[in-house]
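What follows is a short report on a single structure.
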Ligand code: SF4
């Protein structure tokens, strides 16, 4: 009997409850402020973040939509850095969906071992490659409805691919996004689909993809889950949660990550804008 492809859960991601995009919902602001005030405040934070991270980009290395789709599926339950260190060997050996669809699973598992859940992830990426070959002529579809039907692909993965490989706006509600928008009291929701719907309604559609990058970058570098670096946070004057983390400037500075702390980033091949701003490329697998 043909085995059903196992699906590795996405990182704190939106559940797939249907193929259609979540409708934007103009919910009541959790703070009791007027809706106009909330919209203004949210957009101001996004504008400030755009200045803090003018080089923000997807932190997965990819050359085409197929690579981005596979890398995003592999990023469940691990870091983008680990995926970026793993995919060069995978794409060198299997550059197309056709190649990966007929690969020897044991060989793929061996390559994917550093990503964790490597057996399930092998089934997912081979399963989605087969589906691309059989149903989409070996191309990644540019529609949400088709993407979420691929094995191992949820709304979050679909929006990453649509936003960054097809230029179609989407909000990526990952674990950082959920935490930060609640700290900023942009929403009181905890369900990823509802968060997506409410935050979508605060911003013009054209801002959605960059907004996702800004928020996720801030969560990874400064506004950490356990100890946010409030004392070194450029948007502290705008933040209702200031003081939830370290407020001493010197101690807070030591909590900063990636380029904000003077460390390498997650991409082995970051965009030039990142390098120009003093960012450093990540080391290859085994080098650090
Ligand atoms: S002030 Fe603190 S809680 Fe607010 S965004 Fe900055 S790091 Fe996060």
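Only the coordinates and a few stated rules stand behind these numbers; no lab work does. Worth saying up front: this structure is predicted, and the values here are computed from it rather than measured. Note that each Cβ is placed from the backbone with ideal geometry, even for glycine, and that neighbours are counted across all protein chains shown.
Of the residues 217, 208, the single one that is out of contact with any strand residue (DSSP E or B) (no Cβ under 7 Å at 6 or more places or on another chain), within 16 Å of the ligand (Cβ to nearest atom) and in contact (Cβ under 8 Å) with a residue 24 or more places away in the chain is 217.
Scanning region 148-162 for residues that are within 14 Å of the chain's Cα centre (by Cα) and touching a residue at least 60 places away in the same chain (Cβ under 8 Å) yields a count of 7.
Could you please find all residues in region 98-125 being closer than 22 Å to residue 139 by Cβ, over 22 Å from the mean Cα position of the chain (by Cα) and part of a helix (DSSP H, G or I)? Within region 98-125, 98, 99, 100, 101, 108 qualify. In region 220-231, the residue that is farthest from residue 180 (Cα to Cα) out of those that are more than 8 Å from the ligand (Cβ to nearest atom) and part of a helix (DSSP H, G or I) is 231. Taking region 149-186 as the range and being over 30 Å from residue 221 (Cβ atoms) and crowded, with 18+ Cβ neighbours inside 10 Å as the test, the residues that pass are 150, 151. For region 243-253, name all the residues that are within 9 Å of the ligand (Cβ to nearest atom) and either farther than 23 Å from residue 56 by Cα or in contact (Cβ under 8 Å) with a residue 24 or more places away in the chain (or both). Scanning region 243-253 gives 243, 244, 245, 246, 247. Residues in region 251-266 that are more than 21 Å from the chain's Cα centre (by Cα) and assigned to a helix (DSSP H, G or I): 251, 252, 253.
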